[in-house]
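The values are calculated or read from the model by the stated rules, or taken from the named source; none is laboratory data. As the structure is a computational prediction, the values presented were derived from the model and not from experiment. Methodologically, a virtual Cβ is constructed for each residue, glycine included, from the backbone with ideal geometry; neighbour enumeration extends over all protein chains shown. Accessible surface is based on the protein model in full, side chains and every heavy atom, while ligands, DNA and RNA are left aside. Shrake-Rupley method; radii C 1.70, N 1.55, O 1.52, S 1.80 Å.
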Amino acid sequence: MLTWRGITPAEQGFKSKLAELGFEVEYEHFDSERDVTNLAGFLRENRKRIAQKDLIYTFGTTTTVTVQNFDIGNIPQVFNIVTDPVGNGITFSIETPTNGATGAKLSLSADAILQLVEKIYPFKTIAVLFDPREVNATHEADKVLMAAEAMEKQATLLRLIPDNADLETQIAALKPQIEIVDVVYVASTSSFMTQGELLRRIIPNDAVSVGSSPAMVDRGISLSFGENYWNRGEAAAEVAAKILRNGKLPSQVPINEIAPDEATIFVNRSTPAGEKLNLKNLPNKIQEK
């Protein structure tokens, strides 16, 4: 079990579901602490030992891609909390996964998310906030930009590097750009998650903000779509069970993804922005935070 930022509810849900399915599992966990060098060093030093495992579980895009780069034998890989496995090159297909990896997709596509936002809060302008150091966040930002332009919305990419010395200068420059748009889209970014108050400092509490990761609602954004980490962990466990119990190859187990009309809408009711949202006449389950 290789993680990017420690054990999350995704891993807890994964373990719980495998136990519920009757598996007795011996886990070995390595946390990269959001450092690719740490992860690469661990894989390099323990490559032969890892090749004796029955399965490799990976959290997040960066961890998953790094493990694939090491090509550890023929050990099946099950990933979780990955926003866009095809767009990020993890696999070429959702239905017949390639590169020895399958798993559970975290969120809806950018197109689906913006279509849902339009139903809940019609908008003309959108700013996309992301950390350019994280490949998955950059890719997601580009997808949102293209989806917005296809809907004939005015979109702007805004870069933020939280742990730089010039953070205050960045925030001062970003705030005026954020205040003039209808919606702020926050890309799934680990560096944002580790600084709890960061987004609240940048995004006005009456501004509608949206993200692909439900975890971002806990950081102050207005709404998100998908499933919580625990449920995604259970979904990844069901994928893993087909490999472990039925002897299937990852290519024979489709990636688990969430249908737009089945996604939960996570709403932040702690800010005035939540009152602007029209949540009527939608088939989706709504979870308020």
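Starting from one equal scatterer on each C-alpha and no solvent at all, send me the Debye-based log10 I(q)/I(0) for segment 168-211 at q = 0.23 Å⁻¹, two decimals. Computed log10 I(q)/I(0) values: -0.86.
Please compute, over every Cα-Cα pair in segment 62-103, the percentage with a separation greater than 16 angstrom.
Values: 192 of 861 pairs.
Everything past 16 Å amounts to 22 percent.
When the solvent-accessible area of the chain is split by element, carbon and sulfur atoms take up 47 percent of it, the probe being 1.4 Å.
Grab the beta carbon distance between residue 51 and residue 194, set R0 = 25 Å, and tell me the FRET efficiency rounded to 0.05. The value I calculate is 0.20.
A Förster distance of 35 Å, applied to the separation of the beta-carbon atoms of residue 172 and residue 135, puts the FRET efficiency at 0.80. Look at the Cα gyration tensor of segment 86-169: its axes a ≥ b ≥ c give a/c of at least 1.5 with a/b at or below b/c, and that counts as oblate. For segment 54-64, the Karplus equation 6.51 cos²θ - 1.76 cosθ + 1.60, evaluated at θ = phi - 60°, returns couplings of 7, 7, 10, 9, 10, 9, x, 5, 4, 4, 4 Hz by residue, with Gly and Pro reported as x.
Return one number: the angle in degrees, 0 to 90 and rounded to the nearest 10, between the long axis of the Cα atoms of helix 110-120 and the longest principal axis of the Cα atoms of the chain. Compared with the principal axis, the helix lies near 40 degrees. A Gaussian network model of the chain, with springs between Cα atoms under 10 Å, assigns the largest mean-square fluctuation among 140, 168, 262 to 168. Projection of the Cα convex hull of segment 1-135, averaged over all directions and equal to a quarter of that hull's surface, yields 10.0 nm².
Of the trypsin sites (Lys or Arg not before Pro) found in segment 111-162, those that fall in a DSSP loop while having at most 16 other beta-carbon atoms within 10 Å are 124, 133.
Please state, as a whole number in µm²/s, the translational diffusion coefficient that the Stokes-Einstein equation yields for segment 239-289 at 25 °C and 0.890 mPa s, with Rh defined as the Kirkwood radius across alpha carbon pairs. It comes out at roughly 175 µm²/s.
What does the accessible area per residue of segment 1-60 come to in Å², with a 1.4 Å probe and no ligands, DNA or RNA counted?
On the way: 3350 Å² over 60 residues.
Dividing the accessible area of segment 1-60 by its residue count gives 56 Å².
Here the simple spin-label model places points 7 Å from the Cα toward Cβ, and for residue 96 and residue 142 these points are separated by 2.6 nm. Take the Cα radius of gyration of the chain and divide it by 2.2 N^0.38 Å, N being the number of residues; the result is 1.00. Length gained on full extension, residue 38 to residue 70, computed as 0.36 nm times the residue gap minus the Cα-Cα distance: 10.1 nm.
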